[in-house]
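Enquirer: Can you read through this structure? Questions will come right after.
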Amino acid sequence: MASLQQPSISLQSKLLPSSQLTRALPSLNLSFSATFPSLKLTTSRPLHGGAKMSATAASSYATALADVAKSNNSLDTTSSDVEKVEKVFSDTQVLDFFTNPTVDILKKRQVLDEIVKSSELQPHTANFLNILVDAKRIDLIKEIAKEFEMVYNKLTDTELAVVSSVVPLESQHLAQIAKQVQKLTGAKNVRIKTKIDPSLVAGFTIRYGSSGSKLIDMSVKKQLEEIAAQLEVGDIQLAV
């Protein structure tokens, strides 16, 4: 049976008031090297050299996190953690705070500690975030989240399908889509992510396969484009 994942729950993160930020944190006493032995060398200094090296670093970090999660049988929970973290750091205010070199490391750890508590992250996920902050690699968090998703999908034989629609689809419709994608791909599991795209006019599209290379287009926009091409009248403009 295809496993269906509902869209990620929206999380809100707030930076602490400056009066609280200035309060020094006690030592966290986190055993990073024990939890992530393979990261000891790679995090000794920041990586440089452009997008290619950054992508390689993100892949290494994501693989290390997946290895830890797999070793303690928490792949699914860690995947949920990564989604929460990605949501939090999609806030530019949060990302700018942690990537700002003028902000004291103690202040960053204090805010990170609050994020860990409010998001109910696992200890190894919290340790991982502290590693990124200490190594000045927290700027890679979005890339790491994407890489982790690919590693997770491979380890669990999961096919990711991104469903775009004008309005949110009912759960039973998403379940039907998941079953159809499973039938097409033969994957053990199908994971559904949803996106809202008003330009589709109506209907929906499904992207799956490697990097979303395969497309099922059931949108009215596609039908209008086909009609316009047949009539050779160009794009059809709909009256509002």
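Enquirer: Which residues, taken from region 126-144, are open to solvent by 70 Å² or more (accessible area, probe 1.4 Å) and either β-branched (Val, Ile, Thr) or assigned to a loop (DSSP other than H, G, I, E, B) (or both)?
Expert: LYS136
Enquirer: Within region 170-196, restricting attention to residues that are open to solvent by 50 Å² or more (accessible area, probe 1.4 Å) and assigned to a loop (DSSP other than H, G, I, E, B), which residue is farthest from TYR152 (Cα to Cα)?
Expert: Ranking the qualifying residues of region 170-196, first place goes to GLU170.
Enquirer: Residues of region 160-202 being small (Gly, Ala, Ser) and either closer than 23 Å to SER79 by Cα or out of contact with any strand residue (DSSP E or B) (no Cβ under 7 Å at 6 or more places or on another chain) (or both), which ones?
Expert: Scanning region 160-202 gives ALA161, SER164, SER171, ALA175, ALA178, GLY186, ALA187, SER199, ALA202.
Enquirer: Condition test on PRO123, is it more than 18 Å from the chain's Cα centre (by Cα), modelled with pLDDT of 95 or more and open to solvent by 10 Å² or more (accessible area, probe 1.4 Å)?
Expert: Judged against the criteria, PRO123 is a match.
Enquirer: May I ask you to list the residues in region 61-117 that are part of a helix (DSSP H, G or I), open to solvent by 20 Å² or more (accessible area, probe 1.4 Å) and among the hydroxyl-bearing types (Ser, Thr, Tyr)?
Expert: Across region 61-117, the qualifying residues are THR63, SER71, THR77, SER80, THR92, THR99.
Enquirer: Checking the structure you have, find out if any residue of region 205-219 is in a helix (DSSP H, G or I) and over 21 Å from the mean Cα position of the chain (by Cα).
Expert: no
The values are calculated or read from the model by the stated rules, or taken from the named source; none is laboratory data. As the structure is a prediction and not an experimental result, all values here were calculated from the model. Glycine gets a Cβ as well: all are built from the backbone with ideal geometry, and neighbour counts include every protein chain shown. For accessibility, only protein heavy atoms count, side chains too; no ligands or nucleic acids. Shrake-Rupley method; radii C 1.70, N 1.55, O 1.52, S 1.80 Å.
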